Every structure is written in structure tokens, then in C-alpha cells.
1. Placing one identical point scatterer on every Cα of segment A:788-865 and ignoring solvent, what is log10 I(q)/I(0) from the Debye formula at q = 0.20 Å⁻¹?
2. Helix A:96-112 against the longest principal axis of chain A: what's the angle in degrees, Cα atoms only, rounded to the nearest 10?
3. Shape of segment A:7-52 from its Cα gyration tensor (a ≥ b ≥ c, root eigenvalues): rounded if a/c is under 1.5, otherwise prolate when a/b > b/c, or oblate?
4. Could you give the spread of the C-alpha atoms of segment A:1-94 along their three principal axes, from largest to smallest, in whole angstroms?
5. In whole Hz, with x marking every Gly and Pro, tabulate ³J(HN,Hα) for segment A:722-731 from phi via Karplus 6.51 cos²θ - 1.76 cosθ + 1.60, θ = phi - 60°.
6. What distance in nm separates the two pseudo spin-label positions at A:E859 and A:E332, each 7 Å out from Cα along the beta-carbon direction?
7. In segment A:206-361, what is the volume of the convex hull around the alpha carbon atoms, normalised per residue and reported in Å³?
8. Under the rule a/c < 1.5 gives rounded, and otherwise a/b versus b/c splits prolate from oblate, where does segment A:376-466 land using the Cα gyration tensor?
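The values are calculated or read from the model by the stated rules, or taken from the named source; none is laboratory data. It should be emphasised that the depicted structure is a prediction, and the values quoted were computed from it without experimental measurement. In this analysis, Cβ positions are derived from the backbone assuming ideal geometry, glycine residues included, and neighbour counts consider all displayed protein chains. Only protein heavy atoms, including side chains, enter the accessible area calculation; ligands, DNA and RNA are left aside. Shrake-Rupley method; radii C 1.70, N 1.55, O 1.52, S 1.80 Å.
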Amino acid sequence: MEYSFKEIEQKWQKKWANEQTYKVTEDVNKNKFYILNMFPYPSGAGLHVGHPLGYIASDIYARYKRLNGFNVLNPMGYDAYGLPAEQYAIQTGQHPEITTNANVARYREQLDKIGFSFDWNREIRTCSPDYYHWTQWAFQKMYESYYDSKLQKAQPISKLIQEFQSQNKTFNINGIVKTWNELSEIEQNDILMNYRIAFLGETMVNWCPELGTVLANDEVVDGVSIRGGYPVVQQKMRQWCLRVSAYAQRLLDGLETLDWSESIKETQKNWIGRSEGAEIQFKTKDGKQFTIFTTRADTIFGVTFMVLAPESDLVNEITTREQKKEVDAYVEETSKRTERERMIDKKVSGVFTGNYAINPFNGKEIPIWVSDYVLSGYGTGAIMAVPAHDSRDYAFAKHFNLPIIPLIEGCDVSTESFDAKEGIVCNSDFLNGLSVKEAIAKTKQYITHQGIGKVKINYKLRDAIFSRQRYWGEPFPVYYKNGIPQMIPEDCLPLLLPAVDKFQPTETGEPPLGNAQEWAWDELRKKVVDKSLIDNKTIHPIELFTMPGFAGSSAYYLRYMDPHNSKSLVSKENDEYWQNVDLYVGGSEHATGHLIYSRFWNKFLFDIGVSCKEEPFQKLINQGMIQGRSNFVYRIKNTNTFVSYNLRKQYDTTPIHVDVNIVQNDILDTVAFKAWRSEYNDAEFILEDGKYICGWAIEKMSKSMFNVVNPDMIVEKFGADTLRMYEMFLGPVEQSKPWDTNGIDGCHRFLNKLWHLAEKSTNEESPTKEELKSLHKLIKKVTEDIEHFSYNTSVAAFMICLNELTSLKCDKKQVIEVLSVLIAPFAPHIAEEFWEKLGHNTSVCDAKWPQYNEEYLKEDNIKMMISFNGKTRFAMEFPADADKEAIEKAVLADAQTSKYLDGKSIIKVIVVPGRMVNIVHPK
RNA sequence: GCGCCUGUGGUGAAAUUGGUAGACACGCCAGACUUAGGAUCUGGUGCUGCGAGGCUUGCAGGUUCGAGUCCUGUCAGGCGCACCA
């Protein structure tokens, strides 16, 4: 009988669905294993062959763990809210809800064909009210919490208020000192905003007019938006923010406990950007005070000017009346430039404020400048400039002809600054003679002691901007009373997103939810307890901003543990059972976005006792990107004649992308090509050896390159099991590699041969010694490979084993029984079919993973390397149980007749490996 | 500029972690069978040379009896961060 994969796969997929084979329930008698893929956002293009790579790899691991007796949670869902889904809807002119549902359905259909062991009972969608209920809930908890820097954890804001009251703490409001109880509600609220973990802040944001929304830092690269590549400008706006920066140190420390790749940890460390330094207070000549941040406190004697960021509030305060006009003009000018313009054009600019600072170490007067090379958002927005030892200060000093004082013995600063933190300090009073390291420490000690500064650690990590002027996102469960945000009562959640017709964003930043004023008032009437407030119109309707894409994706893995719970995000029992994700699989492009937000979000939930683990993802595997392999045809210019690849140089040709689906092994199907597009109907070909050979290149997989390969097509032609095996065979999971359908035949042939071997295997006898050896070699290899995610080599091991069994003419049922279980993670459909034919009435998923027996693996002979006279000469074989004397004897006997030796010059013989035998044989 | 990663046949890649480099697969070559088919099977296939042999893991050194693997330098490619004081 033929291997009719189509029939087999459909049969088992139906059976799995009907019998809920992959449904998982909490079972305290079994060890848990939580495996998770980064859930996809369902784009309109559907899956291409690169998307399932990570899913297949994790599915293999999930099935393997299950066969080893673990209770495996392997869920799947959709990240359906956010910009990409909305942009797609806008482009196609349909409502995002409609496009999202259609895309989800399409994804599901494609995924089902590949035979994953997902538990679809636990499916979640970030845009479904059951789900975003808990996104909104978490936001409210963040609003009602502050970060206690002494305890280093989140605490209820009520505790802070209590402290303010009981300590009778005083606050300076516009120069008037008041105690907490003397403050108005608005003033109290303003103060608390500086502490809340979710807070309203007037901050510089990345405003993208084209997308009509603000963006988080990780959504902007090189001054343009990641989605669409539109320019982004800096603008001050009142926005919801998350105090991610409070968790900077814990986010850094947590990395040490994680089993993640070094490169992704490094990326996160860079992004968090911890730097140890000092804040030093300076006074101006006219008695005003300001603070700077530096990591090079040791260079204080080389400060020849100070620089303020143009956006800094200090600029106004410090600038003298004479210079005001000039400074204002400069500030105005820089504010008009976008981030991108500033980045491209790095020319030195700046203006003198007219004011001078006094160096607290030696009393010298230092001019204060304003320049855009100092950022307002980092440190204090003001620096002390040491041109001798900082390249940016150096460029500035050279440009404006400011003095440069070298501070390291023997350094040459005539053409460039000396930035290295090494050498012996000079020109620095009491620091002279110290190393840079010592000088930094001593200066820090000095400033602390003198009360002119303090040791300070700064982080580059900024607070996340949490509102978007968009429609397709979670509504904020917030309304306003006298401008003060109020949380909608917890038991009134979720606050549903209204169905509106006009959901397009506006360039001015008016949120699309503004089109749903009626909804806002209606919701308020339903959700706010004190109805008189509404009638008096003393309150404003619901917040019209929505949450960003990362809101829904930050704690989704917790929800999978208990997806239908309507009382809480996750029940205590379920959280304690599943703990956290043991294996997380996804792309490394989320290193500074999702993987930071998610860790932050989980740390907060840990602090408030919702999550029992501080880190959400214990082990992380970053699957590589699958690139496309494009094919080209070569058209002779101004004709409709195409010349084959190796003849193209004889003509003046233009390479043209051709659909890879009408090319096989780089040979063009000329008939299909003519039919492909009307302009090629009358195409003519110059062939070589009767074939048209195409050129090729590795490029991104995209529609415009005609190199997109659809998994449906592969499943149709070769079957899901072949697709699964081939994707793994392609190379290491973590490596980026091009897709090349050409090689798939090898995997298909393998399954075909396996099928025929299984068919022939009706012999009930025990396997022979050779057969057992081959089988147990495979068990060992596959077990080890799966543990190490080295799937490409385990596929190879299957092929080797099959070749061996075939040449042994193996026909034993017992062998096929073991093979069925071994292959089940990779090719589950065929495995089930074998299992059933062997007479089992349970799923192969409930089988037991075989253990190998070292006894069968023993080699009769051991190969060893022999070295003579310092040169490795050749390998010799010895019986496995040979002792030292026997080996020595055999080697020396061989040496007498060996062509490598003349029989008289042996000095040293070393036999390796495994057992090392040194034979020193003096002549 | 700083940090991280990767360089092996025509192609995707292996290499028990220091032990006969190129497993396995694609492709290619030759053959078998066949109602010549993009089916199946068998053998060959790193480069070079008629040959014995020689050469070979980006390049140059080093350690070692022995290096793709370890060390130093260098070149190339990729990724991340980047006026972060």
C-alpha cells in the first residue's frame, strides 16, 4: 500500500480534535512542563513557511516531554490588538474587528494542517473582553501602586498616603510650604502622580503624525516608526506612562537567573544601560544652583565649560538677560528639528548662556553653554564638559575654541580626546598620581563628604509611554473628575471597546474614540456609582486613549494557566501549579520590547502577589528567521526573449524575479512561466542543454520578490509530517537560514521508506543484535538531540537508522513499535498510524519514551589514534576489552611492519582517546 | 565608536566538545528497471594530479604527539546599542 499521507493526516487531525487528545488539565500527581510560543499577531498575509519553524520546534519538545510523563501545557492564541492589525484594516478599508476575525480564522486553518499539539481549549485573543478585562485590571493595580525604593517592590499607594499623613510631611507648592492635609485634592493628586507605577505624565513623546499616535522607544528606529517607516517628532504631551524605570535594577539582576542566550541578555543590558557615576552640584556666579551627572568625577579639574540640554528648564533660569534672545532662538530652532534630522546632521552647534558656574573643587569660573548634544531625558539634562577626555566635549571645544586641559600623564590631546579610563592622573590637585579608578573613588568620597554631591546610578531605560491615539486597543478603565483620573470600579470591568464606524486616526492626535461620545456617557452611567456626578456634568467621560500593543502581550502567559477564570487573572492554585514558562520560543526582535515589558509586568504582578515567580520565562530559545530564496530569469533588453543563467553574459540582460513556485531545482517551467503573466505569453527562451536555468539569491521572504512559500502548498504536496521534518532538517533552530524547497524530497523519501519498512514488518520475533544496536543508537541520539534542541541532527539520525535497518532487512514488529514512539514528536501523523496498526487502541501520545541500553551500544572494537615521533600517523583498532599491555604489544608489532616507520626510531607512542596509554620506548 | 555572534564542498549543514574533517540530505555523474516520468533502486561525488601522493575548515601566527574546535592578531559578514556624559 502506498504512503497516502493526505488521508492519514486528515484522519488523525480529525481524531485529535474530536477526542481532545491535547487537552490538558492541572494534575498535581504529574510534573508540569510549560512550553510557550510567542503568540502571533494575525496579519493579512497569512502564514508563510518561516512562521511555523518555532512552533514545530516547540511542538517536538512538547510531545517529547509528554512522552516522558510530563503534564505539558502548550497553548496558542493571538495578539490581535495594536498597530499592525489596525493598519491592515485601514489599508483594506474594513473594520479591524472583521479583518482580525478573518485573519485569525485563516491562521487557525493553516496551523491545524501542520498537526500541532496545542490545547485549543485555552486559546486567548488579546482583543476579547474576557481577556482584556485583566489587562485593564492590571493597569488599575499599577495606578494604585507605587514603587517603594527601600523595599525595592511595589506597594499600595494608600500606604504612601498614610506615611505622608502620619509623618506630617511637608511639600513645597509654588514656594508655599504645606503639610499633606493642607493640600487640595488636585495638589495631592499631582504629588501622588510622581509615585504611581501607572501615571499621567507630561513628557516628551515620540509623535508620529502619519500614524496619528505616539510610539514607545522600541517602536522607533533611526527616527522613523518601525511600522511603516514614517518620521517621528519629539513633542510634549500628557500621556499615560508605566514606571518601568523603577524596575531597572531588578530587570538587570533577574537576567543572571535566566537561561537565555548571551546575546539577548547583552541586548537587554544595553537597553537598560546602567551606569555608575556621581551627581555633583554646581552654583552659578549669581547664586543659582544646578546638578550634573558624570561617570568621570575624577576629571573635575579639567572642566572648562558646562552644557545644558536645550529642552532643560534650567536654560531659562540660568541664561543672562543679554544672551536671552540668542539662546531662545537656538532653543526654538532645535525644537523644530526631528530626531532624525538631528541624527543625520551631527554638526556641532550651541550657544553661550552668558552665565558662569563655579567649580566647587577649585573655585574657577566656568562658562555655561546650551547645546543639543546634551539630552534632557538622561541624567539631569546638564553636564560638566571635559574636552580632554570626552570626544563630544572635545569636538565642541574645538568648534568654539574653548580651553582643553589634559589630566592624564603623557596623553596627547592635540588632535583627539583621550577617552580611555586608564593612566595616571595629573593637573588635578589632590588626585595627582592616582590611577583613574582610584581617582573616581576618591572624588566620589570627597563630594559625599563635602555635601556637594552624591554617588548615583543612572539607567538609560525610560518609562514606557502607555497611551495610543488609536481605536484598536484596550480602552482605559478611567474617567475624569475635575481633571483627576478616577478608576472605574473593579467589579464593573471590563470596559468594552465600542463598535464605531469611524475608527481612523487623526493627524492632530484627537483619539478616534472621540467619535463615540455617546458610548462614553452611556458607559459612565452604567459604571459610576454616584449618578449625581454625571447629571451635574462635573465629571468628564471616559479616557479616550487606548492602550498600546504591548499591554495585551505582557501577561498573556499567565492567562493560559487559567483562561476561563472570570474572578481573577489566574487562580492561586493554577499559578502555583504552572509557576512560569519553562521554555519560551520566539524571535529575538522582541528583545527590547515585549521581553522587557513582560518581565516588568510580571515583576509587578509578583510584587502584588498574583504571580508566584518573579521571572516569567525561564529558558528562551530564539528561532532564526527563514529567508526567501528568490529565482531570476534574464530578459534580453528590449525583447521578450529570456536567456538561461549560464549564457546570460553573452547578452545585455535584465534579471527579473520569477515566482519560485514555477521553478524546480532552479529549472524554469517555461509553460507555467508563459501562463504566469500576460506579458510573457509569447516569451521565447534561449536554453542550455534543453533547460532554462534560473539564477537565485537569498532575500527576505516577501510577496514583491515572488519567493513566498506557503505551508499549505507544501502540506498539500508532501504532507505535514514531511514539512515538519524538513523544517527541522534545514539547520539549527536558532540560526537564520534560507528556505529552499528543493531539499524537501529527501525527507519525503525518508517517510516513504519508513512507511514501506513498517508495512513489511510483521515478524513477531525479537530483534537481532545488530538491529538492537542500530535502534538503541538512535534512541540515545534522538533523546540527547531533543534535549539540546538539535533537531537537524536527530532527523539525520533517523535516516541513518533507517538505512541500517533496511540493509539488515529488518522485519521486526518490535523495532517499528519503538520507532513509532521515537518519530512521534517529529511526524505525529505517521506515528499514530503505525501505533494503531500495531494494535494499540490508545494514542501514541500516551506511550512511553523508550530508554536506551548501553549494553547494546558497546563496540566490538575501539578505534584509536597512534602517534609516532611527534606525528599522528594512523588509526588502529583494538578489541574493546584490550588492556594496556595488549595495546602496547599490538602497536609495537605493527610499528615494525608499518610503512611509516623504519622499525628503529620509536620514541613515544600515545594512544587516545577515551583511554590514554602512554608508551615510552627508548631505542 | 562600544558590545555580542558567525565564517567548513556546487548547496543546507555534521563533527562524540582536542582525536582519521565534510555525517545526513539536496544537487550532479554513471548504471538498473520501466508504457522515457519531476517515480523507484544501486554505485560514485571536497580540491588537485594519469599515478603514488599532495592540498583543504576566511587569513597569519601560537600552544599540543594531534587544532574546525583552545590562545593571539587580522579580514569579512550579521545583530544590538549609540551624542547616554
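1. Normalising to I(0) and taking log10 leaves -1.06.
2. Computed tilt is about 30 degrees.
3. Details: a/c = 2.89, a/b = 1.29, b/c = 2.24.
Note, shape of segment A:7-52 comes out oblate.
4. 49, 44, 24
5. 5, 4, 4, 5, 5, 4, 6, 6, 4, x
6. About 8.4 nm separates the two model spin labels.
7. Dividing the Cα hull volume of segment A:206-361 by its residues yields 178 Å³.
8. Here segment A:376-466 falls in the oblate category.
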